[in-house]
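The values are calculated or read from the model by the stated rules, or taken from the named source; none is laboratory data. Predicted model only: the values in this text are computed from it and were never measured. As a convention, Cβ positions derive from the backbone with ideal geometry for all residues, glycine included, and neighbour counts pool all protein chains shown. Keep in mind that these areas ignore ligands, DNA and RNA; they rest on the heavy atoms of the full protein, side chains included. Shrake-Rupley method; radii C 1.70, N 1.55, O 1.52, S 1.80 Å.
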Amino acid sequence: MTTLYWFNQIETLDRSWVGDEAFHLSQLYRGGYPVVEGFVINNQIFQEFLASVAKTSSLLADFPSSSLYLDVDNPRSLQFVALQSRQAIMETPFQSLVWDDCWQASQTLASSTLMVRASPLSLMASQDMGGIFPAQICSNSPESLEWAIKKVWSSVFSAKSLLFCDRSGIKLEKIPFTVLVHPLNPAIASGTAYLAGDHLTLKATWGEDLSILKGEVDPDEYHLNLVHSCLNLRKLGHKRYGYRLSTAHHTTFLEGYVLSQTEQENFVLNDLFLQQFSELGQKLTSFSDEPLLFEWTIPDIDTTLSSSISIHRLHPAFVVHLTDLSIEIKDNKVIKGISASRGLANAPIYHLSNDYQAIPPQHILVADRISPQLLTWLRNAAGIVLEEGGMTSHAAILAREVGIPALVGVQAARQRLHSGDIMTIDGNKGQIYPFKGVKQELTDPAFIQKTIASPVIATQLRVNMSQPTFLTEIKRLPIDGIGLIRSELMLLDLFQEKSLDQWLTYHAEQLKAHLIELIGQFVVHFKDSPVFYRSLDLKKENSFPFSQGTSAYLVDSRFFEIELQALRYWQARGYHQIHLILPLVRGVEEFCFCQNWVKKVGLDQIETFQLWIMAEVPSAIFLLEDYIQAGLQGIAIGTNDLTQFLLGINRETSWESDPKISHHPALMKALEQIIKQAKKHQIPCSICGQLPVHSPDLIEKFIRWGIDAISVESASVEGVYQAIATAERKILLDFVRQNNPLDIEKL
């Protein structure tokens, strides 16, 4: 049996081994079309590799000759099997003969960077596979290539894949896909092309097409009439961000960057490129009578091809609607985005404008993004749909807290959704579609649905809050108090009425009374549990983030003093569970300035009071011991901001689901250092942010390093609770195995 198949060698009889996509790419390549050269690792090699894994893994014993027993409806069991299976695959070496073939083949590819991705056979191609088998980028070296191939193979055992196979009735041991390996070169531009009859629809952006796939840009769009060789439509997109190959492979292979003003304001494809696409489209019509969707690039290298366009991926016609959103709207009336808040609602569409006073209640609000001035209106909305933003954006955070569905990264939402149309927004599936007139129950916030019945956990689990509306429901959760009151979101209504400066200048006492009332609602409901209040971090639009946080207090400390007085008010009335967290602290001098104000107001007179800082800027990693010597009593790690400042990422983008970011070695080392330093100096350390929610596999690491508490939004409490319980049990089992293996069965 052949181990590898090159595109220029695949014959008709090989189609069942390599799959439809590889077969058609081969036909195009051999027909002189501008297809990027590559090779295929067939499915049989994968099956043989799994058989070798089964010999060393008790979990995969007898697999793949018999089906893997798994209860996919048990989240803990699902996550455990997924994690252990992937780990076994990554630790099992290749057979030398197979690996020699792969490595020799990769050396003939003219690129230092490779794309390694799964390509389904016909059975899987007919299913909704979006995001199940993520592609891997690696350097053209033996270690990196082996890692990437096994990473693709291990994706079969992700929790998402296991659940997908179960629901689709696909036997896991017979899951049919091959692995395609092809060079990845720097790209001037990239995008998608959809050919149907005599019409070619193009979408284009600068750099790599990851920004299109992640919904971070609205690409340029072009409609070509191939019969008359004319351009019917040329629409300039909304392009702010791009991706390019990084020269520093030890960090990441694709790096994001802000497009220049010239790139944002100009079309990607000029007349020369459009002419090449027209000629390519005319040739492709003779290749197939069926609709064809393909991904293309314009490489930033010299090429011997007659066209500067390169085709690197094909999608079968019957799954076009999974990839091309314009076709999807035409045929299925479904718009997809990234789910930022779960729930279901039927309501009219309303386009946000500058006149936010006229926003009607119980509408689905549509915008490119939502400015801080508009956040207060979300509580009366039925749902939100944003073209930009990510899971850690303030709009997403508030939507989850007030329990309304939200989608972000929805391409051209303002053009595709019309004001007044009644639509259904489904935050569970990340979809919005026309209301069918069938009554559907609205989904309540996750914390209202049920109380968790789980094993006792040692790690404290707290909740992040800003709105007192759901205090009664939240108190039913198995939580250890409030880990973070987001004051900037709590005060939205007040700052909507008057600016902060107006309040401080003309209505300071009234402002203080309002603040005492708001804080009081939290401390009274949680009188027996810790309540951590984060002082105001009023981020302004288009301002450098370091101009906020405690550095702003040095310029004007009037509101900070009012906050301290409001905390002291409740402290003096017996609510000694109140603690203070300082935001975005850059240096010890800022901490000491705030500490002096705390002493001046008298908050430190209560022995149980604790003064913490948020670890949100990289300086906290290096100055933690200095903070402790100055009197710091605790630290809360804000993973949302720390990640963006440490890795240069915009928190408004959707990086959370990208393991290259969430598991970045620099981020992991930073978190480990902070947690271990806090443990060494015996001060409490908490994590406040979305990282434990989107990457629950990291919770075990946090606990092993010594984390004391994890604080998340109310809708995520259930999942994080289960993840903590699973991690703690695994740590306990590991301890018993190392010290007294005979006692394992007693646990």
Exercise for the section: Mind giving me the nanometre distance, one decimal, between the label points for N225 and L500, set 7 Å out from Cα along Cα→Cβ? Expected result: 5.7
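State the extension gain, in nm to one decimal, for the chain segment bounded by Y257 and W147, taking 0.36 nm per residue of separation less the distance between their alpha-carbons. The partial results should precede the final answer.
Values: separation 110, 0.36 × 110 = 39.60 nm, distance 2.68 nm.
Stretched out fully, the Y257 to W147 stretch lengthens by 36.9 nm.
Among the listed pairs K660/K701; K150/K429; K498/K599; K679/K730, give every one whose C-alpha distance is greater than 23 Å. Don't skip to the end; give the middle numbers.
Details: K660/K701 17 Å; K150/K429 29 Å; K498/K599 30 Å; K679/K730 21 Å.
Exceeds cut-off: K150/K429; K498/K599.
Find how much the distance from D626 to H507 grows on full extension, using 0.36 nm per residue of separation minus their present alpha carbon separation; answer in nm with one decimal.
Working: separation 119, 0.36 × 119 = 42.84 nm, distance 3.83 nm.
This chain segment gains 39.0 nm when fully extended.
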Practice task
Just read off the accessible area of Y29 with the full protein assembly in place, 1.4 Å probe, to the nearest 10 Å².
Solution key: 70
Handout entry: Packing-based order for 135-141, 665-671, 381-387, using average beta carbon neighbours within 10 Å, highest first
Key = 381-387, 135-141, 665-671
Problem - Surface accessible to a 1.4 Å probe, I370 within the full protein complex, Å² - result: 20
Problem - In nm, spacing of pseudo-spin labels at T285 and R369 (7 Å Cα→C-beta vector) - result: 4.2
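Which FRET efficiency, nearest 0.05, do N270 and S246 yield, Cβ-Cβ r, R0 35 Å? Don't skip to the end; give the middle numbers.
On the way: r = 27 Å, r/R0 = 0.77.
According to the calculation, E is roughly 0.85.
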Fill in the blank from the handout: On the formula 1/(1 + (r/R0)^6), with r taken between the Cβ atoms of L733 and M90 and R0 of 22 Å, the FRET efficiency rounded to 0.05 is 0.60
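Filter the GluC sites (Glu not before Pro) in segment 585-653 to those in DSSP coil with at most 15 other Cβ atoms within 10 Å of their Cβ, and list the result. Working shown, then result.
On the way: sites: E589, E590, E607, E616, E625, E652; in loops: E607, E616, E652.
Of the GluC sites (Glu not before Pro), the ones in loops of segment 585-653 whose Cβ has at most 15 other Cβ atoms within 10 Å are E607.
If r is the Cβ-Cβ distance from T472 to N428 and R0 is 30 Å, what FRET efficiency results, to the nearest 0.05? Numbers along the way, then the final one.
Values: r = 25 Å, r/R0 = 0.82.
Efficiency, rounded to the nearest 0.05: 0.75.
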Practice task
Under 15 Å from a label point 7 Å along Cα→Cβ of A458: give me every residue in segment 707-736 with its amide N that close.
Solution key: 707-710, 724-736
